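Notes follow once the structure below has been shown.
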Amino acid sequence: MHVMNPALKLIGVAGTNGSGKDTVGKILSEHYGFWFISVTELLRDECRRRGLPVEREHLRAISAEWRREHGTGVLVDKAVEAFNALPDKDKYVGAVAASLRNPGEADRVHKQGGTVLWVDADPEIRYRRIQSNVLGRGRAAEDTKTFEQFLAEEEAEMHPPVGADAAVLNMAAVKERADRFVENNSGKLNVFEIAAVTALGLTPRTGI
């Protein structure tokens, strides 16, 4: 599966857990004319379809399975395929896909001619942000963790075990391939919006 759309302006968003990746997608969707898709939500949907608890270990397993079957860029391919199927796709200036967790996904964004944005924040800020909004995020099974569990899970996703194949999560390698970087420590949405869109070379909207 190698889905391309030469006319599509594609932004891939990656970063640490709780840093604000989906927030970037929503900002670009609501205010800058982009279509937004969470590729992680595709995995959650597959978990539900299989009757599995929506937990990070299952998301990791399914994503690795798909990459082995269809190539390491499969989640970006699915995002582009979904965009191509939109009846009103011409009204969008581009598409945003979050969150990239394998270097093959970053490579696929680049092959499409797109940009990879890495979003980050202090670990304690990110953990508190997630725990304060467990219900709002609707991911209690994923999010209800101790700080130590949170850090351990992130480490497992950042750095694959020795001998692991190319299909597993490797967020550190995604970070190495990122084109733009933004930090989200302030907790102020307008500050984050300005920083993110500026990093992407866009002009912040007036009145933020």
Fill in: Unmet criterion (only one of (1) in contact with an Asp or Glu (Cβ under 6 Å, 6 or more places away or on another chain); (2) at pLDDT 95 or above) for Arg67
(1)
Fill in: Matching residues, region 12-46, being hydrophobic (A, V, I, L, M, F, W, C) and touching a Leu at 6+ places or on another chain (Cβ under 6 Å)
Val13, Ala14, Phe34, Val39, Leu43
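Show me the helices (runs of 4 or more DSSP H) entirely contained within region 109-208 in which 2 or more residues are surrounded by 12 or more Cβ atoms within 10 Å (Cβ to Cβ), at pLDDT below 95 and under 19 Å from the mean Cα position of the chain (by Cα). Don't jump to the end; show me each part of the working.
Details: elements: 123-131, 134-137, 140-143, 147-158, 171-177, 189-199.
Where helices (runs of 4 or more DSSP H) fall fully within region 109-208 and carry at least 2 residues being surrounded by 12 or more Cβ atoms within 10 Å (Cβ to Cβ), at pLDDT below 95 and under 19 Å from the mean Cα position of the chain (by Cα), they are 123-131, 134-137, 140-143, 147-158.
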Worksheet, complete the sentence: Every listed condition ((1) buried (at least 21 other Cβ atoms within 10 Å of the Cβ); (2) part of a helix (DSSP H, G or I); (3) touching a strand residue (DSSP E or B) at 6+ places or on another chain (Cβ under 6 Å); (4) of a type in the set (A, V, I, L, M, F, W, C)) holds for Ala95 save (2)
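When the residues of region 32-70 are filtered to those that are aromatic (Phe, Trp, Tyr) and not in a helix (DSSP H, G or I), which remaining residue is nearest to Asn17 (Cα to Cα)? Steps first, please.
Initially, region 32-70 is screened for residues aromatic (Phe, Trp, Tyr), giving 32, 34-36, 66.
From what is left, the residues that are not in a helix (DSSP H, G or I) are 32, 34-36.
Details: Tyr32: 24, Phe34: 23, Trp35: 22, Phe36: 18 Å.
Result: Phe36.
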Worksheet item: List the pairs whose first member sits in region 2-27 and is modelled with pLDDT under 90, whose second member is assigned to a helix (DSSP H, G or I), and whose Cβ atoms are under 6 Å apart, counting only residues at least 6 apart or on separate chains?
Response: Val3/Asp77; Val3/Val80; Val3/Glu81; Asn5/Val80; Asn5/Asn84
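State the number of residues belonging to region 98-108 that are part of a helix (DSSP H, G or I) and within 13 Å of the chain's Cα centre (by Cα). Step through it out loud before you land on a result.
Just the residues of region 98-108 that are part of a helix (DSSP H, G or I), to begin with: 103-108.
Among the residues that remain, those that are also within 13 Å of the chain's Cα centre (by Cα) are: 103, 105-106.
Qualifying residue count for the region: 3.
The values are calculated or read from the model by the stated rules, or taken from the named source; none is laboratory data. All figures in this text were calculated on a predicted structure; none of them were measured in a lab. For neighbour counting, all protein chains shown are included, and Cβ atoms are generated from backbone atoms with ideal geometry for every residue, glycine included.
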